[in-house]
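Let me begin by presenting the structure, written as structure tokens, before commenting on it.
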Amino acid sequence: MKQVIKKYYKLVIGYIFIVLGILGLFLPFLQGILFLAIGAMILSKESPTFHKLKEKIKAKYPKLYHSLRSRIKKTEKQGKSE
């Protein structure tokens, strides 16, 4: 049961970041690309479409991929310690 809740939690959080990213493309005070990238990285574990996108980014832009991955791991560790 906890795994199902965790999966839906990740989906909701990932899609929230995607929506913020889309808004950020049009609003100057939001970092749209950053939110889109974070949302895609979160969703890559649950969605095959985003997993394929992650693999393409990983192959084409390895520095960007590793930078985003390290930032996500840091936030996951902070969330677990609270």
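Does segment 8-15 contain at least one residue that is without any contact (Cβ under 8 Å) to a residue 12 or more places away in the chain, of a type outside the set (A, V, I, L, M) and exposed (fewer than 10 other Cβ atoms within 10 Å of the Cβ)? No: segment 8-15 contains no residue that is without any contact (Cβ under 8 Å) to a residue 12 or more places away in the chain, of a type outside the set (A, V, I, L, M) and exposed (fewer than 10 other Cβ atoms within 10 Å of the Cβ). Kindly indicate which of Leu64, Leu43 is surrounded by 12 or more Cβ atoms within 10 Å (Cβ to Cβ), touching a residue at least 12 places away in the same chain (Cβ under 8 Å), more than 23 Å from Tyr9 (Cα to Cα) and not charged (D, E, K, R). Every option except Leu64 fails the conditions.
Cβ separations smaller than 8 Å between residues 6+ apart or across chains give the following pairs from segment 28-39 residues that are within 10 Å of Tyr15 (Cα to Cα) to residues that are among the aromatic types (Phe, Trp, Tyr) and loosely packed, with under 15 Cβ neighbours inside 10 Å: Gly39/Tyr15.
No lab work stands behind these numbers, since they all come straight from the coordinates. Computed from a predicted structure; not experimentally measured. Cβ coordinates were reconstructed from backbone atoms using ideal geometry, including for glycine residues, and neighbour counts include every protein chain displayed.
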